[in-house]
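Since the structure comes first, as structure tokens, the remarks are kept for the end.
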Amino acid sequence: MPGLFQGLEIGKRALLGHQVSLQTVGHNIANVNTPGYTRQRVRVMSSLPELSIHGAIGAGFEVDSIYHVRDLFLGDQYRQGQKDLGQWTYKSKSLQQIESIFAEPGGNSINEVLDQFWNDWSALSSDAENSGNRSSLIANATQLIHTFKQLATSLEDLQRSTDRDLASLTAESNGMTTEIARLNQQIVNQELDGSKANDLRDMRDRIIDELSSILDVNVNQRSDGSASVYMGSMLLVDGPDSFAIDANANHDGDKVTHALVWRGSEIELKNVNGKIAGLMETRDKIIPNYLDDLNTLSRTIVEEVNRIHMAGYGLDGTTDVAFFNPAFTDAKDLRLNQEILLDKNKIAASDSSNSDDRSNGMVAMQLADMRDALLMSSQTATINQFYHGMVGDLGVETREANNFTSNYELISHQIDNQRQSVQGVSLDEEMVNLVKAQHAFDAAARIITVMDEALDTLITRMGIVG
């Protein structure tokens, strides 16, 4: 029944409840800089009152639960932003690497070497018998071939490096899904008694946030506290179970590429976003497009130079000699004709077989004029213009990727700020709560002291006179 002993019980409950508040505030303050941490709050409720002849008398309060403050909608928005940010970040990084490979403008770029190549033919047309002009032409043609090879090889190396990133990101995402499944199991076990495993939930949500930058993930919260993670309509995590993905190697001759599949099957993953989407676009579209353009450029140079050169005559009277080896037209395979390397007099500068006119330089002049010939893009662009267009397109793509990356960084930052305003720890707010809990704790202790003194009076002093 209500009385002094019930007052002691009220004081005890108050002490224990405000102690929980103090501990929770301390936990928040300690984790103010912990990534992914969500501030926690104590939910309290009045205890059931005691019934007496005077009516219901309050019995203090009890701690109902400790919950974390989280906005699920903002969490989903943040993950969507991370998906787009991951995709454009990878594309931006890859395009900047391609720009560094092209190295425009630069002293050893294709543009500079091509200009020197045309200049050498022009110089040879003015003095076809000059041995130095012929040696310079061979040297600069060799440099042109080397530059093409270096550029094509570097692009292929970047493509292989990008492909290796797929295996790395696949292993990373599998590690995350395994950890999410493990945390699901721990959360379910810890919440069997009705409490909330807030810190475990924070750890799980942080990993899902990180996974969202790699893959396009959707999350479904289940009633038992676990979470199901989907990629499209396919499950990556289902409670305590995770479903791994693999990067299977596909061999095409000496070329190896990887396809993203569900482990244990040949079913390719189609609905991908995030970094993996940026990776696949870079590997399968962006780099191949630039390699194709580069090969188109090298093939046109080989075929057109050989066509004109084979109609001319060398100083030794030979004709029908190719300048470039016609069997190799791809950028990484270009070669000079071995006959030209062995005897520079076979370079055809003249259009006459007459021994007196073998130095007239007319063929060399035609080859020099190729600089301005409309040979590319259905006869609408010169070789140099076609290359400038390649570099220009690269610049536009890079600028676009950089702009989208900056935009999505800003969007993600804004959403995260909104999210942190709800779930982040504010030291000012926690200090206010700390003082309130401290004063409440002191007051509860005073209740016990007063009740103890009253009991002492009742037990030891009641009935004593004088």
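The values are calculated or read from the model by the stated rules, or taken from the named source; none is laboratory data. The structure displayed is predicted, hence computed values, not measured ones. Neighbour counts are summed over all protein chains in view; Cβ atoms, including those assigned to glycine, are modelled from backbone coordinates with ideal geometry.
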In the set Ile208, Ile187, the lone residue that is crowded, with 16+ Cβ neighbours inside 10 Å, more than 30 Å from Thr89 (Cβ to Cβ) and touching a residue at least 12 places away in the same chain (Cβ under 8 Å) is Ile187
Pick from the stretch 217-235, criterion in contact with a Phe, Trp or Tyr (Cβ under 9 Å, 6 or more places away or on another chain) and surrounded by fewer than 24 Cβ atoms within 10 Å (Cβ to Cβ), ranking: farthest from Gln186 (Cα to Cα) | Met234
Within the stretch 309-333, work out how many residues are in contact with a helix residue (DSSP H, G or I) (Cβ under 9 Å, 6 or more places away or on another chain) and outside any loop (DSSP other than H, G, I, E, B).
-> 6
Residues that are over 42 Å from the mean Cα position of the chain (by Cα) and in contact (Cβ under 8 Å) with a residue 24 or more places away in the chain, drawn from the stretch 55-92 = Ile57, Gly58, Ala59, Gly60, Phe61, Glu62, Val63
When the stretch 366-393 is examined, which residues are found to be assigned to a loop (DSSP other than H, G, I, E, B), hydrophobic (A, V, I, L, M, F, W, C) and touching a helix residue (DSSP H, G or I) at 6+ places or on another chain (Cβ under 7 Å)?
-> Leu375
Only one of Val32, Val63 is of a type in the set (Val, Ile, Thr), surrounded by 15 or more Cβ atoms within 10 Å (Cβ to Cβ) and over 30 Å from Asp165 (Cα atoms); which?
-> Val63
Do the conditions hold for Ala401, that is, is it assigned by TED's automatic domain parsing to the domain that holds Ile98 and aliphatic (A, V, I, L, M)?
-> yes
Residues that are of a type in the set (Val, Ile, Thr) and either at pLDDT 95 or above or under 22 Å from Ala373 (Cβ atoms) (or both), drawn from the stretch 303-318 | Val305, Ile308
Sole miss for Asp369 among (1) under 20 Å from Gln116 (Cα atoms); (2) out of contact with any Asp or Glu (no Cβ under 8 Å at 6 or more places or on another chain); (3) surrounded by 15 or more Cβ atoms within 10 Å (Cβ to Cβ) is condition (3)
Report, by residue number, each residue of the stretch 190-200 that is on the phi > 0 side of the Ramachandran plot and either surrounded by 15 or more Cβ atoms within 10 Å (Cβ to Cβ) or at pLDDT 95 or above (or both).
-> none
List pairs: first in the stretch 158-182 and closer than 17 Å to Thr282 by Cβ, second hydrophobic (A, V, I, L, M, F, W, C) and not in a helix (DSSP H, G or I), Cβ under 7 Å, 6+ apart or cross-chain?
-> Leu166/Ala247; Leu166/Leu260; Ala167/Ala247; Leu169/Ile214; Thr170/Ile245; Thr170/Ala247; Thr170/Leu260
Kindly list, by first and then second residue, each pair from a residue in the stretch 109-122 that is in contact (Cβ under 8 Å) with a residue 60 or more places away in the chain to a residue that is hydroxyl-bearing (Ser, Thr, Tyr), limited to pairs with Cβ atoms under 8 Å and residues at least 6 apart or on different chains.
-> Ile110/Thr147; Ile110/Tyr387; Asn111/Tyr387; Leu114/Tyr387
Qualifying residue in the stretch 164-178 (condition: surrounded by fewer than 17 Cβ atoms within 10 Å (Cβ to Cβ) and either within 30 Å of Ser352 (Cβ to Cβ) or in contact with a helix residue (DSSP H, G or I) (Cβ under 7 Å, 6 or more places away or on another chain) (or both)) = no
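Let's see how each residue does on (1) surrounded by fewer than 21 Cβ atoms within 10 Å (Cβ to Cβ); (2) outside the structural domain of Glu156 (by TED's automatic domain parsing); (3) closer than 30 Å to Gln379 by Cα:
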site	(1), (2), (3)
Trp262	yes, no, no
Thr282	no, no, yes
Val305	yes, no, yes
Val321	yes, no, yes
